[in-house]
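The values are calculated or read from the model by the stated rules, or taken from the named source; none is laboratory data. Only a predicted model underlies this, so the values are computations on that prediction, with no experimental measurement involved. Backbone-built Cβ (ideal geometry, glycine too); neighbour counts: all protein chains shown.
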Amino acid sequence: MADAPPFLLPLSELGHLFSVPPIAPLSPSPAEALGVSGVEHLLNLLHMDKQQQRTRELILLLPPEKAAAASAEETGRALHRVVQLRIERERRELRNTYRYGRRTAGIALLLLAVCLGLASIFTSDLTAGLGPIMRATFEYGFEIIGWVLLWHPIDILAFTPLGIRARITALQALGAMKVAIRADQTAPAFS
């Protein structure tokens, strides 16, 4: 598969790659117009988009006077450091999610056993005096409650990690990009 074309990210300040700029709706930079850092904007573009994740170059377009003073090598090192720290944070979050999911699964299984035990009481002769409709209502009610209690652990263990893994993949794609800085002759400098 061929690499995707490079990302072009116009910014009025190089610092807006990492820090949140003030919202500037008329800025030529989508990140500055939205009031998000350039890194967050790029991660949003990369998230769950396999084609975009093949991009190997990030070109930062800065006003000419700021582009001349900027170092692509230093910016690349800073970007890679931020990406590595964020990947470590996401991996910690993934481990914590699994730990929490296992804990809630244990509690939910225990509660399921209790609910199934209570449901079986309503099928036994102990509750014969309640009447068939009341017995069936309690029996099925406790069974349903027990099984519904398992949904939260299933959600945590099966679905929450998908989003975390997708963020890690987007961060890895961003970290693999080579950074270049060019002067943007077309747009005025917004500050």
Please go through (1) touching a residue at least 40 places away in the same chain (Cβ under 8 Å); (2) out of contact with any helix residue (DSSP H, G or I) (no Cβ under 6 Å at 6 or more places or on another chain) for Ala183 and return the number of the only condition it doesn't satisfy. (2)
Hey, which of the helices (runs of 4 or more DSSP H) in region 3-78, taking only ones fully inside, have at least 1 residues that are among the β-branched types (Val, Ile, Thr) and surrounded by 14 or more Cβ atoms within 10 Å (Cβ to Cβ)? 38-46
Please state which of the following conditions Thr97 fails to meet, knowing it meets all the rest: (1) surrounded by 17 or more Cβ atoms within 10 Å (Cβ to Cβ); (2) more than 11 Å from Arg182 (Cα to Cα); (3) touching a Ser or Thr at 6+ places or on another chain (Cβ under 9 Å). (1)
Counting only residues that are closer than 30 Å to Leu60 by Cα and either at pLDDT below 95 or touching a Pro at 6+ places or on another chain (Cβ under 8 Å) (or both), region 77-119 contains a total of 0
Result of the Cβ filter at 9 Å on region 79-97, keeping first residues that are more than 14 Å from Arg165 (Cβ to Cβ) and partners that are polar (S, T, N, Q) and assigned to a helix (DSSP H, G or I), at least 6 apart or interchain, is Val83/Gln172
Within region 145-191, count every residue that is hydroxyl-bearing (Ser, Thr, Tyr), modelled with pLDDT under 95 and surrounded by 13 or more Cβ atoms within 10 Å (Cβ to Cβ). 0
Looking at Phe122, Phe142, can you tell me which residue is surrounded by 16 or more Cβ atoms within 10 Å (Cβ to Cβ) and touching a residue at least 24 places away in the same chain (Cβ under 8 Å)? Phe142
Restricting the search to region 1-54, which residues are more than 21 Å from Glu74 (Cβ to Cβ) and touching a Phe, Trp or Tyr at 6+ places or on another chain (Cβ under 7 Å)? Ala24, Ser27, Glu32
Taking region 46-88 and the residues there that are over 21 Å from the mean Cα position of the chain (by Cα) and of a type in the set (Asp, Glu), the one that is nearest to Arg182 (Cα to Cα) would be Glu65
Is it true that Glu13 is closer than 21 Å to Arg167 by Cβ, out of contact with any Gly (no Cβ under 9 Å at 6 or more places or on another chain) and not hydrophobic (A, V, I, L, M, F, W, C)? no
Arg92 versus (1) within 26 Å of Gln53 (Cβ to Cβ); (2) in contact with a Gly (Cβ under 8 Å, 6 or more places away or on another chain): which is the lone unmet condition? (2)
